[in-house]
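So the structure is just underneath, and the comments pick up after that.
The values are calculated or read from the model by the stated rules, or taken from the named source; none is laboratory data. Everything numeric in this text was worked out from a predicted model, so none of it was measured. In this analysis, Cβ positions are derived from the backbone assuming ideal geometry, glycine residues included, and neighbour counts consider all displayed protein chains. When the accessible area is computed, the model is the full protein with side chains, heavy atoms only, and any ligands, DNA or RNA have been set aside. Shrake-Rupley method; radii C 1.70, N 1.55, O 1.52, S 1.80 Å.
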Amino acid sequence: MELKECVKRREPELLACLQENLRIPSVQGAPEEGKPYGSEVRRSLDHVLTAAEALGFSTVNMDGQVGWCEYGTGEEMVAVLGHLDVVPAGDGWSFDPWGGEIRENRIFGRGTMDDKGPSIAALYALAALRDSGLPIRRRIRVLWGCNEESGSQDMKYYLAHGGEIPVMGFTPDGEYPVINGEKGIINVTYGREMDRVGDLQLISLHGGTAPNVVPSSACAKLACSKELAQRLAALQAPKLRFTATQYGLFVESEGVSAHGSTPELGENAIGRLLLALDTLPLEGQTRETIHFLAETLGMETDGTSAGISLCDEVSGKLTLNWGTLNIENGKLQMKINYRYPVTKAYDDCAPLLDAKFAAAGFTKAAELHKAKLYVPEDSELVRTLMKVYREQTGLEGKPKSIGGGTYAKSLPNIVAFGPIFPGDEIREHKPDEFLELSRLMENAQIIAAAMYEMAK
Ligand SMILES: [Zn+2]
């Protein structure tokens, strides 16, 4: 029987298994023995592995961190990596988020698209491939991780405990056609202390909520005489407000929020506030610090004045988002989120930025680096997946690079492939998450064909 037909015949079982799993609210919970992400996540993993065993596959459960099943023999292994943990339901549902209801050819529930739908489809795609009897020379492993939504500690555990690295594979936890580039992401925290001298003194400053969000508001309190406050309160500038208060002056700035991977779509309220403060008669280290930050970062989003503007043809410019700034009692702390192009490296930017801030009296308090991912367009993996995508959908399309990070970064030799089709609404992490049954089966078909092409 043809592979396509074999996949189709597995549809009722796939749907039943998915529905059952959607009824397990596998949101991260308190860790217990053998249940590092809580009992519901573990229950979801056990459920899928039991289904895999019932299908006759050998399975492994690696300490409740990640589990997998395998088909085939052969020295080399190719992988499909999905995850069973989900984000909380949140408000605004018109269906039971844990009901797995099917209505008008749609299946509803938290995880239908991200990532239970596609990752359970992979199990039945594997069964269909076996049914078809098509010969393969590499083993195929379907992995179900348990911690994608809150840090991907699962795959760190897998790698640290000798988990086999596939020669190639994909995660159906992104979008079609293929995401073959993901920028490197650096979250850095700088701090410094400043003296407070002069007639105008900065009491406190607060802006932003998280490093990966463009801040939409920021404000500063300054101490000064009544006369000076009256004079400065007369200042006017777009999206800035100066108010004379009991203690002196209050300055507020407004911005436009955007995701930290696309800061150019927003307006940075912290940057706007600092550019304004830089024009005021501050003194001493406060003046130096404010001037340095206004000049080095300001409202820029590509790191030019910071000395780290990088660019490549595949993924475009380095992006920089100044996410938070807090000053209290002469102590400053700030967080920057920046993302370097996929053909560049950490060493092309991070040491330069650190040196610039160190020279201005800042210390680096913390740093988190998620290395870039780049699998060239002419690699066997990307060529194979693009071929499958074109054959299965009749659509053209090119592999793409993104500024965000997907689960693909958690395991070497993996790229994101599906499950969202170009033009489809992105419903993951939102209320009424659903997947059309036709899309579910299209994914199953594509996954089966891709497994075969990678393993044959
Ligand atoms: Zn996901």
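Residues that are closer than 30 Å to W144 by Cα, in a strand (DSSP E or B) and open to solvent by less than 30 Å² (accessible area, probe 1.4 Å) within segment 173-221 comprise G174, I179, N180, G181, E182, G184, I185, I186, listed in sequence order.
Among the residues of segment 399-411, those that are within 14 Å of the ligand (Cβ to nearest atom) and of a type in the set (S, T, N, Q) comprise T406, S410.
A search for C-beta distances below 8 Å between a residue of segment 267-280 that is in contact (Cβ under 8 Å) with a residue 24 or more places away in the chain and of a type in the set (S, T, N, Q) and any residue that is surrounded by fewer than 21 Cβ atoms within 10 Å (Cβ to Cβ) and not in a helix (DSSP H, G or I), counting only pairs 6+ apart in sequence or on different chains, returns N268/M299. Taken over segment 109-150, the criterion of being of a type in the set (G, A, S) and either open to solvent by 40 Å² or more (accessible area, probe 1.4 Å) or more than 21 Å from S26 (Cα to Cα) (or both) is satisfied by A125, A127, A128, S132, G133, S150. Which residues, taken from segment 412-431, are away from the ligand (no atom under 14 Å from the Cβ), out of contact with any strand residue (DSSP E or B) (no Cβ under 6 Å at 6 or more places or on another chain) and either on the phi < 0 side of the Ramachandran plot or not in a loop (DSSP other than H, G, I, E, B) (or both)? Those that are away from the ligand (no atom under 14 Å from the Cβ), out of contact with any strand residue (DSSP E or B) (no Cβ under 6 Å at 6 or more places or on another chain) and either on the phi < 0 side of the Ramachandran plot or not in a loop (DSSP other than H, G, I, E, B) (or both): P412, F421, P422, D424, E425, P431. Scanning segment 17-43 for residues that are in a helix (DSSP H, G or I) and either aromatic (F, W, Y) or touching a residue at least 60 places away in the same chain (Cβ under 8 Å) (or both) yields C17, L18, Q19, E20, N21, L22, V41, R42. Of all residues in segment 441-456, at least one satisfies being within 16 Å of the ligand (Cβ to nearest atom), in contact with a strand residue (DSSP E or B) (Cβ under 8 Å, 6 or more places away or on another chain) and in a helix (DSSP H, G or I).
I140: closer than 17 Å to V48 by Cβ, touching a Phe, Trp or Tyr at 6+ places or on another chain (Cβ under 6 Å) and at pLDDT 95 or above, yes or no? Answer is yes for this residue. Looking only at segment 321-351, which residues are open to solvent by less than 20 Å² (accessible area, probe 1.4 Å) and closer than 15 Å to K370 by Cα? Within segment 321-351, I336, N337, Y338, R339, Y340, P341, V342, C349, A350 qualify.
When V382, V415 are checked against the criterion of being open to solvent by less than 10 Å² (accessible area, probe 1.4 Å) and in contact with a helix residue (DSSP H, G or I) (Cβ under 7 Å, 6 or more places away or on another chain), a single residue qualifies: V415. Taken over segment 403-412, the criterion of being touching a helix residue (DSSP H, G or I) at 6+ places or on another chain (Cβ under 8 Å) and either within 21 Å of E313 (Cα to Cα) or of a type in the set (S, T, N, Q) (or both) is satisfied by S410 alone.
Taking E396 as the residue in question, decide whether it is part of a loop (DSSP other than H, G, I, E, B), within 16 Å of the ligand (Cβ to nearest atom) and either under 20 Å from the mean Cα position of the chain (by Cα) or over 25 Å from P263 (Cα atoms) (or both). So E396 does not fit the description; no.
The set of residues in segment 165-178 being in contact with a Gly (Cβ under 9 Å, 6 or more places away or on another chain) and within 16 Å of the ligand (Cβ to nearest atom) consists of F170, T171, P172, D173, G174, E175, Y176.
Considering every residue within segment 264-275, establish whether at least one is open to solvent by 10 Å² or more (accessible area, probe 1.4 Å), modelled with pLDDT of 95 or more, in a strand (DSSP E or B) and touching an Asp or Glu at 6+ places or on another chain (Cβ under 6 Å). No, the conditions are met nowhere in segment 264-275.
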